[in-house]
Amino acid sequence: MRKNIVAGNWKMNTTVPEGVALAKEVYEALKATKANCDVIICTPFTHLCPVAAVIDQNVLGLGAENCADHKSGAYTGEVSAPMVASTGAKYVILGHSERRQYYGETAETLREKVALALENGLTPIFCIGEVLEQRDNGTYNEVVAKQVEEGLFNLSAEDFGKVILAYEPVWAIGTGKTATADQAEDMHAHIRATVAAKYGKEVAENTSILYGGSCKPSNAAELFAKPDVDGGLIGGAALKCADFMGIVKAF
Ligand code: 13P
């Protein structure tokens, strides 16, 4: 059966000492609590090695927020999937809307990134989601299905089964405007049906689909209670241990 997961996306926040302190705080809090879900933090590249050194990933999983679309070579400033894997990280967020919007990531580059992540034993947390205009003009179901199809449907069923999906409506990210639990459930069910049509019901039922976008302790329980919402990808609220743990405890 699919896993329930709460994953933090720290984005471009915290210095290395601040990030190590936050990771330690979350790790200690998790050891003191019995979490009813998998818990992951995705940090800036610079934080991966020092954070990996202070946590046990059986308790708290570690991931990057991106990786390059090439394995190695003359790509100044890029960080490859093998490099991420060599830090000890196990996950990588791919296709976040901020990467698509500000750094021009396309389905083609994302397919390369997903393939390299999988080749290097990293679990992709693959993000999809519509912008406000697409929510308002009613094209959101097609837009999101297309992102899943174009980014992932080249994979074998076995490889697809290793991917975690994260539905993040762009209009809800960092805006304080959460999708309602019903809006999230409708989309998650639609995504699961899209996956089922391609890979069959069993693969679809085993795929974890996280919700992201202004998820916080006060709304997490209602979102996670929905049958197709298997957890959250948390931005702002992942930067404070108490808030992040409040979301973890929603399961
Ligand atoms: P917020 O939780 O800050 O809205 O961010 C969500 C997000 O983008 C996680 O990837």
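Derivation of every value follows stated rules applied to the coordinates shown; laboratory data play no part. In this text the structure is predicted, and so the values were computed from the model without any measurement. Every residue, glycine among them, receives a Cβ derived from its backbone with ideal geometry; neighbour counts consider all protein chains shown.
Values computed for the structure shown
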read-out: Distance (nanometres) between label positions extended 7 Å along Cα→Cβ at LYS162 and LYS31; value: 3.0 nm
read-out: Cβ-derived FRET efficiency at R0 30 Å, ALA74 paired with CYS49, nearest 0.05; value: 0.80
read-out: Highest-fluctuation residue, LEU165, LEU60, LEU94 considered, GNM on the chain with Cα pairs under 10 Å; value: LEU60
read-out: Gap separating the Cα centres of the range 5-47 and the range 72-142, nearest whole Å; value: 20 Å
read-out: Area projected by the alpha carbon convex hull of the chain, averaged over all directions, nm²; value: 12.3 nm²
read-out: Among TYR167, TYR102, TYR91, residue whose mean-square fluctuation peaks in a GNM of the chain (springs only between Cα atoms under 10 Å); value: TYR102
read-out: Dipole of the range 134-221, positive end: most advanced residue of PRO169, SER208, ALA197 [Cβ charges, Cα centre]; value: PRO169
read-out: Residues with amide H under 5 Å from that of LYS226, placed H, sequence gap 5 or more; value: none
read-out: J(HN,Hα) series, the range 8-14, from Karplus relation 6.51 cos²θ - 1.76 cosθ + 1.60, nearest Hz, glycine and proline x; value: x, 10, 6, 6, 9, 10, 6
read-out: Dipole magnitude of the range 1-46, debye to nearest 20 (Cβ charges: Lys/Arg +1, Asp/Glu -1, about Cα centre); value: 220 debye
read-out: 5 angstrom amide H check on TYR91, placed H, neighbours 5+ away; value: LEU62, GLY63, ALA64, THR123
read-out: Kyte-Doolittle at least 0.0, axis length at least 20 Å by Cα - qualifying DSSP helices, the chain; value: 16-32
read-out: In nm, spacing of pseudo-spin labels at LYS201 and LYS24 (7 Å Cα→C-beta vector); value: 5.1 nm
read-out: Anisotropy class of the range 1-121 from Cα gyration tensor, a/c 1.5 cut; value: prolate
read-out: Pairs beyond 27 Å (Cα-Cα), from LYS146/LYS249; LYS24/LYS146; LYS3/LYS24; value: LYS146/LYS249; LYS24/LYS146
read-out: Ordering of 70-76, 195-201 by packing [mean C-beta count within 10 Å, highest first]; value: 195-201, 70-76
read-out: Among ASN58, ASN36, ASN13: highest mean-square fluctuation, GNM of the chain, C-alpha pairs under 10 Å; value: ASN58
read-out: Cβ charges +1 (Lys, Arg) and -1 (Asp, Glu), total dipole of the chain, debye; value: 560 debye
